[in-house]
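All remarks here apply to the structure that follows.
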Amino acid sequence: MSYIVIIRGSLGVGKTTIAKELVKKFNGFHVPIDDVLADNGLDRIDSGDEGIPLENFLKADKIIFPKVREQLKKHKMIVFDGCFYHKEHIQHIIDNFKCPYFVFTLKAPLEVCIERDSLRKKVRGAEAATAIYNLVSKFDYGTVFDVSKMKTHKTLKEIYSELPGNKTLED
């Protein structure tokens with residue numbers, strides 16, 4: 001069954017880890033929005049308070065949507081992961097694909113996000129983590145999970161329970 005999963009949240013909250021595990025478990029297709037933006041020079045911030053402009057996210061969608069359509073035709077689960085701090089971007093994805101969708105917002109305190117970021121190979125820094133945290137925290141969308149005290153395994157189990165077929169880790 002084809003469907004779309006959107007994993008959103010702040011920098012360092014664990015979006016990509018969760019997305020990669022979902023893709024592996026369900027033989028899905030991963031769309032790391034931040035990488036699409038960076039790879040295509042669309043990750044520049046024009047106005048500090050609003051982050052990357054919505055139009056850049058929509059340009060990234062034009063680049064990736066043909067691949068997403070191909071994968072949906074193959075009945076793949078599509079997993080988008082990114083900060084998704086523009087509601088319009090989430091809606092744009094939903095509106096462009098006529099299939100079931102699930103949106104999950106992962107949350108953790110800013111200090112946790114900064115700490116997790118500091119452990120990465122490519123550290124973004126406390127200033128970037130704070131700016132993105134503030135943008136993402138302006139709204140919740142979909143099912144919200146506080147992952148600050150949840151291990152990856154528990155977060156995945158919670159997400160699996162929300163997906164079609166009520167998949168579990170033991171499946």
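The values are calculated or read from the model by the stated rules, or taken from the named source; none is laboratory data. Computed from a predicted model, the values in this text were never measured in an experiment. Neighbour counts run over all protein chains shown; Cβ positions are idealised from the backbone, glycine included. Keep in mind that these areas ignore ligands, DNA and RNA; they rest on the heavy atoms of the full protein, side chains included. Shrake-Rupley method; radii C 1.70, N 1.55, O 1.52, S 1.80 Å.
One line per residue, one yes/no per condition, for (1) open to solvent by 20 Å² or more (accessible area, probe 1.4 Å); (2) of a type outside the set (S, T, N, Q); (3) within 26 Å of His153 (Cα to Cα); (4) assigned to a helix (DSSP H, G or I):
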site	(1), (2), (3), (4)
Asp35	yes, yes, yes, yes
Arg44	yes, yes, no, no
Asp61	no, yes, no, yes
Phe65	no, yes, no, yes
Practice prompt. Report yes if Asn40 is over 16 Å from the mean Cα position of the chain (by Cα) and either surrounded by 19 or more Cβ atoms within 10 Å (Cβ to Cβ) or within 30 Å of Lys149 (Cα to Cα) (or both), otherwise no.
Written response: no
Practice prompt. Sort out which residues of the stretch 134-143 are open to solvent by less than 60 Å² (accessible area, probe 1.4 Å) and more than 17 Å from Leu54 (Cβ to Cβ), and write them in order of number.
Written response: Ser137, Gly142, Thr143
Worksheet item: Across the stretch 84-123, which residue is modelled with the lowest pLDDT among those that are in a loop (DSSP other than H, G, I, E, B) and under 19 Å from Val68 (Cα atoms)?
Response: Lys98
Worksheet item: Is it the case that some residue within the stretch 11-32 is farther than 18 Å from Tyr101 by Cβ, surrounded by 15 or more Cβ atoms within 10 Å (Cβ to Cβ) and without any contact (Cβ under 8 Å) to a residue 60 or more places away in the chain?
Response: yes
Worksheet item: Condition test on Arg69, is it assigned to a loop (DSSP other than H, G, I, E, B), among the charged types (D, E, K, R) and either out of contact with any Ser or Thr (no Cβ under 6 Å at 6 or more places or on another chain) or surrounded by 20 or more Cβ atoms within 10 Å (Cβ to Cβ) (or both)?
Response: no
Item to complete: Being polar (S, T, N, Q) and within 15 Å of the chain's Cα centre (by Cα) is the filter; apply it to the stretch 134-151 and report the residue that is farthest from Glu21 (Cα to Cα).
Response: Ser137
Fill in: Failed item in (1) open to solvent by less than 50 Å² (accessible area, probe 1.4 Å); (2) without any contact (Cβ under 8 Å) to a residue 24 or more places away in the chain; (3) assigned to a loop (DSSP other than H, G, I, E, B), with Thr130 passing the rest
(3)
Discussion item. Among the numbered criteria (1) outside any loop (DSSP other than H, G, I, E, B); (2) under 15 Å from Cys83 (Cα atoms), which one does Lys25 miss?
Written reply: (2)
Worksheet entry | Criterion: touching a His at 6+ places or on another chain (Cβ under 8 Å), at pLDDT below 95 and either of a type in the set (A, V, I, L, M) or closer than 27 Å to Asp61 by Cβ (or both) - qualifying residue of Leu169, Leu163 | Leu169
Worksheet item: Taking the stretch 81-129 as the search range and keeping residues that are in contact with a Gly (Cβ under 7 Å, 6 or more places away or on another chain) and among the basic types (Lys, Arg), which one is farthest from Phe139 (Cα to Cα)?
Response: Arg116
Item to complete: Test Ile52 against the criterion of being more than 23 Å from Pro100 (Cβ to Cβ) and either surrounded by 13 or more Cβ atoms within 10 Å (Cβ to Cβ) or out of contact with any helix residue (DSSP H, G or I) (no Cβ under 9 Å at 6 or more places or on another chain) (or both), and give yes or no.
Response: yes
